[in-house]
Amino acid sequence: MTFYEKELARLNSAIYKNQRQLDAVIAVRHYINQHYPTDLNLDLLSETHCISKYHLLRLFKKYYGLTPRQYLIDKRIEKAKESLKTGKSVTETCFAVGFESVGSFSVLFKTKTGKSPSNFQKEQLSIRE
Amino acid sequence: MRVTIISIPVLDQEKALRFYTEKLGFIKKLDTPLDGGNRWLTLVSPEAQDGPELLLEPAPLHFEPSKVFQDALMEAGIPYTQFDVDDVQKEYNRLIELGVEFSVKPTEMGTVKFAVLNDTCGNNIQLVQNL
């Protein structure tokens, strides 16, 4: 066994010993992955997974390093990029991935990627030409 | 400031280029000749061709401490860097078929699943899937 494998085994027993917590946050992440276009919020996530919302918030942040809300936004932006690459319009993409306002989607998209949705799409489509 | 380059030290740039493109599936982006047969050689992921570039750097051949560091990481089994994949087990199966050697088979730990492969150019590389 290498030094790395020994360290992993040590970390695993030190950090990841609570399998119930792990199962809970993994299930929440999968739920977000499947339902990102819908109106998701912490109340809904905590109700559907039978876990108090503050506990969920704390656990998700502990194991994934960001809040469920931040993860949801990242997922929507990732899916928006995929949608824009296929040639769908900015408006269509915005609503398809779960945002409710084209204006706020465009601002958020630019903050996260450094480019507006339309500029991102132009670049992507030109790469493929 | 923006992150555009991630460098990986390699013992042989041409061999590394073949491994990272033919086995791992990256795409060559820049290939500029430099002094002494060295190249500014970068790759991108096919899914993010405008994303960060992977620089295959011949540092271990020209700077002894780089070689010492690379050898120490290899001996300890520590990955030099890691790449995200959608399905570690699927990538493992695909790469095993291509003759790639793994020091760590697909393993779940906490919220990730990972495996560690040998890039044949002096480095362990970790593949990671978020669970």
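With the convex hull built on the Cα atoms of chain B, state its orientation-averaged projected area in nm². Can you show the working numbers first?
Working: hull surface 34.9 nm².
So the mean shadow area of the Cα hull is 8.7 nm².
Under 5 Å between amide hydrogens, built in the peptide plane, is the criterion, and for B:E57 it picks out B:I8, B:V10 among residues at least 5 positions away or on other chains. Each residue of the stretch B:122-130 was assigned a 3J(HN,Hα) from its phi angle through the Karplus curve 6.51 cos²θ - 1.76 cosθ + 1.60 (θ = phi - 60°); the sequence is x, 10, 8, 10, 9, 9, 10, 10, 6 Hz, with glycine and proline shown as x. Placing a pseudo-label 7 Å from each Cα along the Cα-to-Cβ vector at B:F69 and A:H30 gives an inter-label distance of 4.0 nm.
Could you tell me the calculated FRET efficiency between B:D50 and A:F3, based on Cβ-Cβ distance and R0 = 35 angstrom, to the nearest 0.05? Can you show the working numbers first?
Details: r = 37 Å, r/R0 = 1.06.
Efficiency computed from Cβ-Cβ geometry: 0.40.
Overall, the stretch A:32-127 carries a charge dipole of about 380 debye about its Cα centre when +1 sits on the Cβ of Lys and Arg and -1 on the Cβ of Asp and Glu, all other atoms neutral.
Looking at the protein assembly as shown alone, DSSP beta bridges between its own residues are antiparallel in about 70 percent of cases. Using R0 = 22 Å, the C-beta based FRET efficiency linking A:S89 and A:K122 works out to 0.95.
Among B:K113, A:K88, the order by Cβ neighbours within 10 angstrom, fewest to most, reads A:K88, B:K113.
Entry note: the protein assembly as shown has Rg to Rh equal to 1.01, where both radii use alpha-carbon atoms and Rh is the Kirkwood radius.
Please state the shape class of chain A: rounded when a/c is under 1.5, otherwise prolate if a/b exceeds b/c and oblate if not, all from the C-alpha gyration tensor. The shape class here is oblate. Close amide H contacts of B:M109 (hydrogens built in the peptide plane, cut-off under 5 Å, sequence separation of 5 or more or a different chain): B:F114. Please list, by residue number, every one of the GluC sites (Glu not before Pro) in the stretch B:6-82 that is coil in DSSP and has at most 14 other beta-carbon atoms within 10 Å. Listed in order of number, the matching sites are B:E47.
The phi torsions of the stretch A:33-41, fed into the Karplus equation with coefficients 6.51, -1.76 and 1.60 and a -60° offset, translate into couplings of 4, 7, 10, 4, x, 8, 7, 8, 8 Hz, rounded to whole numbers, with Gly and Pro shown as x. When you restrict to C-alpha pairs under 8 Å that are six or more residues apart and normalise by the size of the stretch B:31-79, the relative contact order lands at 21 percent. Remark: mean inter-chain Cβ contacts per residue of B:46-57 equal 1, using a 10 Å Cβ-Cβ cutoff to other protein chain atoms. The ellipsoid that matches the Cα gyration tensor of the stretch B:30-85 has semi-axes, each √(5λ) in whole angstrom, of 23, 20, 5, with the longest given first.
Along the stretch B:57-63 the Karplus relation, 6.51 cos²θ - 1.76 cosθ + 1.60 evaluated at θ = phi - 60°, assigns HN-Hα couplings of 9, x, 3, x, 7, 10, 9 Hz to successive residues, with x for each Gly and Pro.
For the protein assembly as shown, the residue among A:Y4, A:F105, B:V88 whose Cα projects farthest onto the positive side of the dipole built from Cβ charges is A:F105. Each Lys or Arg adds one and each Asp or Glu takes one away; over the other residues whose Cβ falls under 13 Å from the Cβ of A:S46, this sums to +1.
Exposure proxy shown here: for A:H55, A:H49, the number of other Cβ atoms within 10 Å sets the order, fewest to most, as A:H55, A:H49.
For peptide A:1-11, what's the mean number of Cβ atoms from other chains within 10 Å of each residue's Cβ?
4
Dipole check for the stretch B:1-97: with +1 at the C-beta of Lys and Arg, -1 at the C-beta of Asp and Glu, and the Cα centre as origin, the magnitude is about 140 Debye.
Any read-out appearing in this document is the output of simple, stated calculations on the displayed coordinates, not a laboratory observation. Bear in mind that the values here come from a model prediction, so they are computed numbers and not experimental data. Because the Cβ atoms are built from the backbone with ideal geometry, glycine has one as well, and the counts that use them run over all protein chains shown.
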